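Q: Got a structure for you, written out below as C-alpha cells; questions coming shortly.
Every number here is computed from the coordinates shown, using simple stated rules; none is lab data. Bear in mind that the values here come from a model prediction, so they are computed numbers and not experimental data. All Cβ positions, even for glycine, are placed from backbone atoms using ideal geometry, and neighbour counts span all protein chains on display.
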Amino acid sequence: MIHLDCTIMGQSYRLACREGEERTLREAVSYLDGKMCALRDSGKVRGTDRIAVMAALSVAAEFLSVKSPQGPLSDMSILEVKQKLEAMHTVLDQALAPQENLS
C-alpha cells in the first residue's frame with residue numbers, strides 16, 4: 001500500500017491506495033474536490049458534511065447514468081473498464097514492438 005497526501009476542499013487527507021493506482025486516486029480526488037468546491041461556492045449548500053453528501057450523490061448519479069445497462073461491460077465500473085483498456089494497450093504495445101524493429 002502507498003500513502004498519498006491529498007487536499008479536498010482545503011482539508012488535508014492521507015489516503016492509501018495500491019501501487020500503480022496513484023494516478024487514478026489523484027484524479028478522483030481532483031474530481032471530488034472540484035464538485036465540493038463548486039457546491040460550496042454556489043452558496044446553496046452549507047456545512048462540509050452536507051457538501052460531501054451532495055457531491056457524493058452527484059457523482060453516484062453520474063456513474064449510474066453512464067453505466068451500461070446491458071452488454072459485456074454491464075457489471076463493470078468505469079474504473080474497471082479503464083483498467084482493462086490500459087491492460088489491452090500494454091499487450092498490444094508489447095506485441096507490436098517487434099514489428100517496429102523490422103522496418
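Q: Which FRET efficiency value, to the nearest 0.05, is calculated for residue 42 and residue 9 with the Förster distance at 22 angstrom and r the Cβ-Cβ distance?
A: The calculated FRET efficiency here is 0.95.
Q: Another question about this same structure. Residues of segment 13-31 with amide nitrogen under 17 Å from the 7 Å Cα-to-Cβ point of residue 77?
A: Output list for this probe position: 15-31.
Q: Relative contact order for segment 1-48: what is it in percent, counting Cα pairs under 8 Å that are at least 6 residues apart?
A: It comes to 32 percent, rounded to a whole number.
Q: Convert each backbone phi in segment 38-52 into a coupling constant with the Karplus relation 6.51 cos²θ - 1.76 cosθ + 1.60 (shift: θ = phi - 60°), then list the ³J(HN,Hα) values in order as whole Hz, x for Gly and Pro.
A: So the Karplus estimates, Gly and Pro as x, are 5, 5, 4, 5, 5, x, 7, 10, 10, x, 4, 5, 5, 4, 4 Hz.
Q: So what's the net charge close to residue 9: Lys and Arg +1, Asp and Glu -1, counting the other residues with Cβ under 14 Å from its Cβ?
A: Every neighbour counted, the sum reads +1.
Q: Using +1 at the C-beta of Lys and Arg and -1 at the C-beta of Asp and Glu, which of 29, 64, 6 has the Cα lying farthest in the positive direction of the dipole of segment 1-68?
A: 64
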